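These notes concern the structure reproduced below.
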Amino acid sequence: MDMDTILFWVMIAIWVIMPAFIVYEEIRERKALAESEAATEELQVANE
Amino acid sequence: MIQEIALGLLTSSVAVEGTSRLIVDIAMYFGLFVIVAMALNFQYGNAGIPNMGCAVQVIIGGFTVSAITTRLIFTLAGNAGVEILPWTSDYDWVYNSPVNVNIVNSWLSGKPLFCISMLLFTIAINLVLGAVIGWLISLPAIRLRATYLMIVLITMADASQIFGRNITWISGGTLGLFIPDIFKWYSGDRTIVMAIITLLIGLISFFIFRTMLNSPYGRLMRAIRENEVTVGSVGKNVTGIRRNILMFASGITAISGALIGFYFSYVVEANYQRALWTYWPWLMLILGGPGNNAGTFLGCALVTALRRIIIVNKWFLQEVFFFPIAYFEQILLGVLLIAVIIFRPNGIIPEKLLYIPGVNYRKLVDEEVVVDWRSASKSRGASSGISGIFRTLGGKKEEAGD
């Protein structure tokens, strides 16, 4: 296997990992936001 | 089965031609536009600065490669005893460029460390010069309102191209200038190495922007975007912050201009057109959704793939369409922009609310606040009237006004 082939697949790997990581992080942040909202709602209900 | 397929794919030799060439090309442009669009997202999506002058920032990168890096390489090669043709006068600088670059390339082929240090030097100098140009364009423009700011920045983008066209020692004027191949030491296809470096720089700039946006400074930026008068009234220097944002994003954007110069081994001002480096990144940003990085990435991926496929398959597509295919890209830009603004003004992935632990931000935003000045007490300093001023509809706060 020549160097070009290895680098080609490295490039593809970076290209796939980059958006996948960003989407994963986006989902994680949205989940944390929803959980935080739910927790605040619960706290408010408990205070009432 | 899957293991066999994976092994087969990995061990098969990939000749960088045909489809593989298209993939490398798309990856390269994706990396370049990710850098530009994320910097634009940083400026417009988060700080509300409508930067229509991305092309100025990109062109600085290209000019840095042609005017500084190439000169430095020529000087060092000359000092090392390489016999290159004269290059100091404007005429020699342009007309001896192909021969000189060819001579220097054969000298560079045995110096990988020198080439890598030249790449790092170019990136560093781009960050500095990009920031300087960001500061320069902010001088007349930063205090202007959004619409006027956009007009001034568009004009500056055109002005920078005119400078490049007419000042020969920058980038060879209308003829352009060849750039030494800093990957000459690599025996294979250098475009793959360039694509990897560009994607890595895109990834690093994503982390930088993400860290900044999640910091208190990021929240300050969003506050300026929402209401700069309020932020100014609490003692923040809005103009200074906007200038800093423009400078920082400008430095990052300039890197993409340098990378495209190295990718083509050639710099000409016509490569840095306003439409390509300002309007397309804007479409990517608006299509994906301003104010969030995932949207910017999605917009970049969609638009870049679409554009490169159209460009590469122009001859095939010409048979399908009744109008000249050369206009198809521009038509696509216009149609997509109009369609997105009409049907999805917030983009494919709308911006999410800020995550601040312990604060129900959505509820704060959803609350409707009505100010009823008539119920305020007339007497100065009376504390009883304060509660009557604000009557918040919804929730427990409604009782306060009644």
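State whether one or more residues within the stretch B:327-349 are charged (D, E, K, R), more than 26 Å from B:Met212 (Cα to Cα), touching an Asp or Glu at 6+ places or on another chain (Cβ under 8 Å) and modelled with pLDDT under 90. Don't jump to the end; show me each part of the working.
Filtering the stretch B:327-349 for residues charged (D, E, K, R) gives B:329, B:344.
From the residues that got through so far, the ones that are more than 26 Å from B:Met212 (Cα to Cα) too are B:329, B:344.
Add one more test, that the residue is touching an Asp or Glu at 6+ places or on another chain (Cβ under 8 Å), and what stays is none.
Scanning the stretch B:327-349 turns up no residue that is charged (D, E, K, R), more than 26 Å from B:Met212 (Cα to Cα), touching an Asp or Glu at 6+ places or on another chain (Cβ under 8 Å) and modelled with pLDDT under 90.
For residues that are assigned to a helix (DSSP H, G or I) and polar (S, T, N, Q), scanning just the stretch B:281-316, find the one that is surrounded by the fewest Cβ atoms within 10 Å (Cβ to Cβ). If you could, list the steps in order and put the result at the bottom.
The first filter runs over the stretch B:281-316 and keeps only residues assigned to a helix (DSSP H, G or I), leaving B:281-288, B:293-312, B:314-316.
Right, trim to polar (S, T, N, Q) and you get B:293, B:296, B:304.
Working: B:Asn293: 25, B:Thr296: 31, B:Thr304: 23.
Taking the candidates together, the pick is B:Thr304.
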* To do: Residues that are under 22 Å from B:Tyr44 (Cβ atoms): find the helices (runs of 4 or more DSSP H) completely inside the stretch B:96-177 holding 1 or more of those.
  => B:112-141, B:146-166
* Asked: Do you know which residues across chain A are more than 9 Å from chain B (Cβ to nearest Cβ) and hydroxyl-bearing (Ser, Thr, Tyr)?
  -> A:Tyr24
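The values are calculated or read from the model by the stated rules, or taken from the named source; none is laboratory data. Quick caveat, the model's predicted, so the values are computed rather than measured. Please note: Cβ atoms are built from the backbone with ideal geometry, for glycine as well, and neighbour counts cover all protein chains shown.
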